[in-house]
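Working notes, structure below.
The values are calculated or read from the model by the stated rules, or taken from the named source; none is laboratory data. Given the structure is predicted, the values throughout are model-derived calculations rather than measurements. Neighbour counts are summed over all protein chains in view; Cβ atoms, including those assigned to glycine, are modelled from backbone coordinates with ideal geometry.
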Amino acid sequence: MDTNNKNNSISLKEYAEESYLNYAMYVILDRALPHVGDGMKPVQRRILYAMSELGLNAGSKYKKSARTVGDVIGKFHPHGDSAAYEAMVLMAQNFSFRYPLVDGQGNWGTQDDPKSFAAMRYTESKLTGFADLLLSELKLGTVDWQPNFDGSLLEPTILPAKIPSILLNGTTGIAVGMATDIPSHNIEEVLDACIHVLDNPKASTKDLMKYIKGPDFSNNAPIIASKEELLEMYETGRGGFKIRAQWLTESNDIVVNALPHQASGSKILEQIADQMQKKKLPMVVDLRDEGDHKEPVRLVITLKSNRIDASEVMNHLYATTDLQKNYRANINLISLKGSPRVFALNDLIYEWLSFRQQTVLRKLEHRLDQVDDRIHILEGLLIVYLDLDKVIHIIRNSDEPKKELMKVFKISEIQTNAILEIRLRQLAKLEQLKLEEEKGHLELERKELEKVIKSKARLKTYIKTELREIKENFGDARNSPIEALSDAKAFSEEEMVTSEAVTIILSKGGWIRSAKGHDVDPSALTYRGDDQLKHFSKGKNNQTAVFFDSRGKAFSLAAHSLPSARGMGEPLTGRVLSESGVTFEGVAIGGEESEILISNSAGFGFISNLSNAISNQRKGKLFMRSPEGSTVLSPIAINENHKFVVVAFSSQDKKGVSNKMLLFPIEELPVLPKGKGNKLVSISTKAFKDKAEYMMDVCCLAEDSKLKIYHEGKNSEKTWTLKELEDYISSRAKRGRVLPQGYNGNIRLQEIEKSNEAASE
């Protein structure tokens with residue numbers, strides 16, 4: 001066995017680890033992650049350099065993209081042409097890059113389908129004016145150069161970017177064991193932040209957020225994130241945010257005119273159509289894409305009615321489609337030290353400014369060297385101009401004029417070469433004056449360059465002036481507004497129901513049904529056998545109907561689930577678990593903020609929010625505790641116009657039976673979540689148990705309403721105004737006054753609203 005080979009061998013584990021690590025670092029440094037200096041990945045940097053070498057600047061003519069791709073993969077990037085072309089396309093798409101670096105002619109894809117771009121043999125391209133900010137200083141001694149893959153050419157290791165490109169256009173990339181996701185930003189905000197850091201090197205991320213409000217993309221779809229969330233994202237280098245589509249309404253149409261970054265309109269329409277097919281969006285009746293070249297994004301969602309709340313529909317679609325998308329932020333870059341690092345915002349800007357200061361310093365030193373060299377040559381030329389005849393004589397007669405000139409005039413080799421290259425027409429006196437003028441200008445420039453190079457303060461001022469000029473030339477307004485909104489929420493089953501007016505009807509026999517509209521006369525409907533109307537309530541079919549039994553329990557059912565009033569309905573006992581011996585006395589329907597007055601025959605009652613009575617249990621919820629022997633009366637819906645409570649009760653004494661009535665201000669009645677309530681009218685416990693006194697009915701009145709009293713025997717059509725009821729007004733829990741003669745038997749009260757009265761007339 002060869003001992004040398006034995007000593008040089010390594011284990012398979014060590015070899016695999018080393019190979020994997022080398023591969024990982026290659027992917028990280030040479031493929032996936034951008035450099036903090038120019039914000040470019042290697043392939044992007046090579047594309048821009050190749051295009052600049054082809055003379056494809058902003059002012060030149062377009063050339064076939066295949067020409068550029070050929071140069072890129074043939075000279076600098078020995079990989080597949082499709083990968084290089086896709087990287088080039090990305091830099092040309094204004095919906096992908098906030099500030100495109102490639103100006104393309106032809107089909108370069110659309111936001112709806114970014115991959116739909118034409119083949120490179122069909123498209124043409126050149127650099128944008130913005131790309132010049134990355135390339136203009138390339139030949140000014142600003143960067144290091146390295147051999148290309150085969151050593152035949154040199155390529156820049158980095159571009160001398162005048163701007164923090166990585167923040168402006170952002171990037172995404174997946175490496176081995178790490179990734180990067182950097183959103184784009186507005187150039188004016190970023191440059192203002194850079195200027196602030198130059199003036200305040202210890203500026204915090206919080207300070208910089210006075211200038212950088214947040215990410216900024218190529219359209220005006222709003223970014224959904226709070227200031228606190230954005231601050232955390234910029235301070236840690238990791239976080240996230242949401243982007244929502246922007247929309248407006250046109251009659252029954254919701255028009256979406258801006259989509260989240262890189263969201264597909266056709267995919268969104270498919271997502272909505274799928275919900276429509278599954279009957280999860282009954283309020284949407286039509287979808288269409290009306291986008292064109294003039295208005296690329298115009299998705300139209302047609303609603304069933306203009307009464308449907310468009311914002312609620314969009315809130316549901318935000319939660320269930322790509323009309324709202326989540327975006328991750330992971331500010332992972334190659335630092336100036338050559339290693340990957342997650343940057344906070346202030347650290348990133350400080351790091352880039354360090355790069356920029358080094359680049360500017362190299363540029364100025366390079367220029368200073370050029371100025372020194374030129375002044376040196378000019379000094380030599382001006383020396384020989386003092387004795388041109390002697391110079392000509394030496395050149396014509398000497399075997400070695402170069403050495404002779406250096407010896408006679410005591411000038412350097414560089415100066416001598418410049419003299420020997422002078423043309424005859426440059427020997428005129430005028431040329432001498434031009435040389436003296438040029439030398440004077442260069443000496444002034446040299447002094448200014450030396451001042452800037454030697455002074456950190458002047459160097460910062462130089463960069464600030466440069467950044468302000470760029471801001472003036474390339475600045476634009478922010479596109480993406482930033483809004484701190486609550487999370488989107490999908491519709492519940494009830495919310496998916498189209499909001500339509502309904503009347504919920506309860507019969508004395510406990511049968512329920514729902515009629516469309518509020519202009520229904522429940523008493524005119526057909527009932528089973530001897531059954532008849534007990535109570536009804538008006539609301540919407542996307543609300544909850546609450547039924548009350550005689551013992552104070554409340555049972556909740558979705559209004560849209562009730563049978564149609566075209567038939568006889570169905571028994572309520574088939575939907576709920578009620579106790580034996582009870583009867584259903586009334587129904588209430590409304591929104592969560594709706595209020596009702598609930599009372600019983602013992603004379604107790606209270607006001608409560610309807611939501612307090614809602615329950616998901618089939619056995620119901622005990623809402624009102626009533627004395628033994630009492631019956632809960634039909635609930636009364638309360639509105640903001642109601643000022644008085646009207647109570648009718650029966651009283652029996654030595655003189656016989658009489659019906660009494662009491663009015664009192666509604667504010668005297670307590671508002672409770674549930675319970676027994678307070679006395680509405682003074683009925684003694686003993687009198688109630690003896691059935692000598694009991695409350696028959698209750699209602700509420702507005703100041704401009706009238707009261708109609710239905711009573712057994714003689715049903716008068718008379719309505720009572722509030723003025724006619726003044727004698728009955730007192731305080732809560734009083735005895736009231738006896739009704740006029742004739743109002744005997746069982747009493748039922750009804751409010752006649754002013755609007756209803758006018759309609760009947």
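Just one of the listed residues (Leu506, Leu562, Leu533) is without any contact (Cβ under 8 Å) to a residue 40 or more places away in the chain and closer than 23 Å to Glu579 by Cα, namely Leu533.
I'm trying to understand the selection: among the residues of the stretch 627-645, which are more than 17 Å from Val671 (Cα to Cα) and crowded, with 17+ Cβ neighbours inside 10 Å?
Taking the stretch 627-645 first, the residues more than 17 Å from Val671 (Cα to Cα) are 627-634.
Selection gives Ser630, Thr631, Val632, Leu633, Ser634.
Out of Ser305, Ser266, one residue alone is hydroxyl-bearing (Ser, Thr, Tyr), touching a residue at least 24 places away in the same chain (Cβ under 8 Å) and in a loop (DSSP other than H, G, I, E, B). It is Ser305. Taking the conditions exactly as written (surrounded by 20 or more Cβ atoms within 10 Å (Cβ to Cβ) and not assigned by TED's automatic domain parsing to the domain that holds Val284), does Asp216 satisfy them or not? Considered against the rule, which asks whether it is surrounded by 20 or more Cβ atoms within 10 Å (Cβ to Cβ) and not assigned by TED's automatic domain parsing to the domain that holds Val284, Asp216 comes out as yes. Scanning the stretch 560-592 for residues that are of a type in the set (D, E, K, R) and modelled with pLDDT under 90, we see that the one that is nearest to the chain's Cα centre (by Cα) is Glu592. Within the stretch 527-575, being over 10 Å from Trp511 (Cα atoms) and of a type in the set (Ser, Thr, Tyr) holds for Ser537, Thr544, Ser550, Ser556, Ser561, Ser564. Pairing each residue of the stretch 465-487 that is loosely packed, with under 12 Cβ neighbours inside 10 Å and of a type in the set (A, V, I, L, M) with any residue that is at pLDDT 95 or above and part of a helix (DSSP H, G or I), provided the two are 6+ apart or on different chains, yields C-beta distances under 9 Å for Ala477/Glu188. Within the stretch 91-126, the residues that satisfy the criterion of being out of contact with any strand residue (DSSP E or B) (no Cβ under 9 Å at 6 or more places or on another chain) and free of Cβ contacts under 8 Å to residues at least 60 places away in the same chain are Pro100, Asn107, Gly109, Lys115, Ser116, Ala118, Ala119.
Flag: His518 matches the condition of being free of Cβ contacts under 8 Å to residues at least 24 places away in the same chain, within 47 Å of the chain's Cα centre (by Cα) and over 21 Å from Thr631 (Cβ atoms).
Could you please give the count of residues in the stretch 573-583 that are within 16 Å of Ile614 (Cα to Cα) and either surrounded by 15 or more Cβ atoms within 10 Å (Cβ to Cβ) or touching a strand residue (DSSP E or B) at 6+ places or on another chain (Cβ under 7 Å) (or both)? Working first, answer last.
Step one: of the stretch 573-583, the residues within 16 Å of Ile614 (Cα to Cα) are 575-578.
Now drop any that are not either surrounded by 15 or more Cβ atoms within 10 Å (Cβ to Cβ) or touching a strand residue (DSSP E or B) at 6+ places or on another chain (Cβ under 7 Å) (or both), which leaves 575-576, 578.
Summing the residues that are within 16 Å of Ile614 (Cα to Cα) and either surrounded by 15 or more Cβ atoms within 10 Å (Cβ to Cβ) or touching a strand residue (DSSP E or B) at 6+ places or on another chain (Cβ under 7 Å) (or both) in the stretch 573-583 gives 3.
Which of (1) surrounded by fewer than 23 Cβ atoms within 10 Å (Cβ to Cβ); (2) of a type outside the set (Phe, Trp, Tyr); (3) over 16 Å from Pro673 (Cα atoms); (4) touching a strand residue (DSSP E or B) at 6+ places or on another chain (Cβ under 7 Å) does Lys621 not meet, given it meets every other one? Only one criterion in (1) surrounded by fewer than 23 Cβ atoms within 10 Å (Cβ to Cβ); (2) of a type outside the set (Phe, Trp, Tyr); (3) over 16 Å from Pro673 (Cα atoms); (4) touching a strand residue (DSSP E or B) at 6+ places or on another chain (Cβ under 7 Å) is unmet by Lys621, namely (3). Applying the criterion of being out of contact with any Ser or Thr (no Cβ under 6 Å at 6 or more places or on another chain) and buried (at least 18 other Cβ atoms within 10 Å of the Cβ) to the residues of the stretch 528-548, the residue that is farthest from Leu633 (Cα to Cα) is Asn541. Of all the listed residues (Ser204, Ser184, Ser251), the sole one being without any contact (Cβ under 8 Å) to a residue 60 or more places away in the chain and either over 30 Å from Met51 (Cα atoms) or not assigned by TED's automatic domain parsing to the domain that holds Ile301 (or both) is Ser251. Restricting to the stretch 264-297, count the residues that are in contact with a helix residue (DSSP H, G or I) (Cβ under 9 Å, 6 or more places away or on another chain) and of a type in the set (Ser, Thr, Tyr). Result for the stretch 264-297: 1.
Here is a yes/no grid of residues against (1) in contact with a helix residue (DSSP H, G or I) (Cβ under 8 Å, 6 or more places away or on another chain); (2) without any contact (Cβ under 8 Å) to a residue 60 or more places away in the chain; (3) small (Gly, Ala, Ser); (4) buried (at least 17 other Cβ atoms within 10 Å of the Cβ):
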site: Gly338; (1), (2), (3), (4): yes, no, yes, no
site: Arg341; (1), (2), (3), (4): no, yes, no, yes
site: Ala344; (1), (2), (3), (4): yes, no, yes, yes
site: Glu351; (1), (2), (3), (4): no, no, no, yes
site: Val371; (1), (2), (3), (4): yes, no, no, yes
site: Arg374; (1), (2), (3), (4): yes, no, no, no
site: Ile377; (1), (2), (3), (4): yes, yes, no, yes
site: Gly380; (1), (2), (3), (4): yes, yes, yes, yes
site: His393; (1), (2), (3), (4): no, yes, no, no
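Please go through the stretch 98-150 and pick out each residue that is outside any helix (DSSP H, G or I) and among the aliphatic types (A, V, I, L, M). Within the stretch 98-150, Leu101, Val102, Ala118, Ala119, Met120, Leu127, Ala131, Leu138, Leu140, Val143 qualify.
Regarding the stretch 234-242, can at least one residue be identified that is farther than 29 Å from Ser184 by Cα, outside the structural domain of Asp113 (by TED's automatic domain parsing) and either outside any loop (DSSP other than H, G, I, E, B) or modelled with pLDDT of 95 or more (or both)? If you could, list the steps in order and put the result at the bottom.
Taking the stretch 234-242 and keeping what is farther than 29 Å from Ser184 by Cα, we get none.
No; the residues of the stretch 234-242 include none that is farther than 29 Å from Ser184 by Cα, outside the structural domain of Asp113 (by TED's automatic domain parsing) and either outside any loop (DSSP other than H, G, I, E, B) or modelled with pLDDT of 95 or more (or both).
Just for the stretch 547-559: of the residues that are within 38 Å of the chain's Cα centre (by Cα) and hydrophobic (A, V, I, L, M, F, W, C), which one is farthest from Lys516 (Cα to Cα)?
First, pick out the residues of the stretch 547-559 that are within 38 Å of the chain's Cα centre (by Cα): 556-559.
Cutting the leftovers down to hydrophobic (A, V, I, L, M, F, W, C) gives us 557-559.
Details: Leu557: 17, Ala558: 15, Ala559: 11 Å.
Here the answer is Leu557.
The conditions of being at positive phi and outside the structural domain of Met696 (by TED's automatic domain parsing) are met by Gly569.
Give me the strands (runs of 3 or more DSSP E) completely within the stretch 626-742, filtered to those with at least 2 residues that are modelled with pLDDT under 90, ordered by residue number. Reasoning before the result, please.
Numbers: elements: 636-638, 642-653, 656-665, 693-702, 706-711.
Answer list for the stretch 626-742: 642-653, 656-665, 706-711.
Annotation note: of Glu592, Glu640, Glu585, the sole residue that is over 26 Å from Ile709 (Cα atoms) and not aromatic (Phe, Trp, Tyr) is Glu592.
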